[in-house]
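Q: This is the structure I want to talk about, given as structure tokens.
Bear in mind that the values in this text are calculations on the coordinates, not laboratory data. From a predicted model like this one, the values you see are computed outputs, not experimental measurements. Because the Cβ atoms are built from the backbone with ideal geometry, glycine has one as well, and the counts that use them run over all protein chains shown.
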């Protein structure tokens, strides 16, 4: 008799409890399954946490590309944007997303506002640090 292998494998997604990772996004409306085309994922802009990355340009391009996608009946623009947004984040921006409180985002405007506020805070902090070092180098000379 063969012994059943109950040890979850690295690539076996069924080996993980669905409650282990709860998304910050809570879709309120009942929608049919959201179809995300592979081609869309290849053309969507990617947001990396780097100096000079403009979150406004990123969001404008993201919403423009999402808005021209054909969606199934019953899937709103907001729901589609919320479903696709995570695929555009990388590095620290992705880590920020998963640190948001579970099921705290219910609308696109909430996610967009949280994203822009964090980017503004990040940019302000970097500028303050640069100003500090510039001031420090002037004083020490």
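Q: Once the piece of chain linking residue 60 and residue 34 is laid out straight, how much longer is it, given 0.36 nm per residue of separation minus the C-alpha distance between them?
A: Values: separation 26, 0.36 × 26 = 9.36 nm, distance 2.17 nm.
Gain in length upon complete extension: 7.2 nm.
Q: As an exercise, use a Förster radius of 25 Å and the Cβ-Cβ distance of residue 26 and residue 92 to find the FRET efficiency, rounded to the nearest 0.05.
A: Values: r = 23 Å, r/R0 = 0.94.
Step by step, r from the Cβ atoms, then E = 0.60.
Q: Now, a different point. Decide, for region 39-100, between rounded, prolate and oblate: order the square roots of the alpha carbon gyration tensor eigenvalues as a ≥ b ≥ c, take rounded if a/c falls under 1.5, and otherwise choose prolate if a/b is larger than b/c, else oblate.
A: Values: a/c = 2.28, a/b = 1.63, b/c = 1.40.
Here region 39-100 falls in the prolate category.
Q: Between residue 67 and residue 104, 0.36 nm times their residue separation minus their Cα-Cα distance comes to what? The partial results should precede the final answer.
A: Values: separation 37, 0.36 × 37 = 13.32 nm, distance 2.37 nm.
Going from the current span to full extension adds 11.0 nm.
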